[in-house]
1. Quick one: how many residues across region 98-124 are hydrophobic (A, V, I, L, M, F, W, C) and out of contact with any strand residue (DSSP E or B) (no Cβ under 8 Å at 6 or more places or on another chain)?
2. Could you count how many residues in region 99-120 are in contact with an Asp or Glu (Cβ under 9 Å, 6 or more places away or on another chain) and of a type outside the set (Lys, Arg)?
3. Is it the case that some residue within region 43-51 is at pLDDT below 95 and aromatic (Phe, Trp, Tyr)?
4. Only residues in region 85-112 that are on the phi > 0 side of the Ramachandran plot count as the first member; pair them with residues that are part of a strand (DSSP E or B), Cβ under 8 angstrom, at least 6 apart or cross-chain, and list the lot.
Amino acid sequence: MGASQGRAARWRCGRRRRRTRVRGRDDGGRLEAAELGAELGERATLVQFSSAFCAPCRATRRVLGEVAGMVAGVAHVEIDAEARLDLVRRLEVLRTPTVLVLDADGRVVRRAAGQPRKADVIAALGEAV
């Protein structure tokens with residue numbers, strides 16, 4: 001592989017890692033308030049898996065907090081992925097930030113890996129409420 005091809009391949013790989021992947025309906029089961037360590041929202045819950053040195057996690061925290069403040073009955077719960085490896089493994093969280101959208105009953109209805117845009121979070125909430 002030539003030098004320019006190697007640089008192009010590295011650029012594509014780096015760019016791919018920064019994209020947010022939003023998956024459709026998720027049958028990842030159900031989460032209870034006791035598992036989360038916080039109460040579920042009346043209408044929906046935004047669950048964020050973060051890690052200590054994750055810069056996109058801070059921006060994600062801000063976006064999810066803003067959305068939860070805008071939409072009545074929606075709660076935002078942040079979970080330290082390193083401290084809750086049981087949930088990370090069960091829910092197949094592969095990177096941080098990972099956001100799960102739960103309906104009022106705690107069922108996972110949507111998930112995204114990477115930093116989400118506010119519009120995407122609001123649209124995902126539309127399926128949960």
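1. 3
2. Residues in region 99-120 being in contact with an Asp or Glu (Cβ under 9 Å, 6 or more places away or on another chain) and of a type outside the set (Lys, Arg): 8 in total.
3. Checking region 43-51: not a single residue is at pLDDT below 95 and aromatic (Phe, Trp, Tyr).
4. From region 85-112, the pairs are Gly106/Arg30; Gly106/Thr45.
The values are calculated or read from the model by the stated rules, or taken from the named source; none is laboratory data. Treat the numbers as computed from the prediction; the structure is a model and nothing was measured. Backbone-built Cβ (ideal geometry, glycine too); neighbour counts: all protein chains shown.
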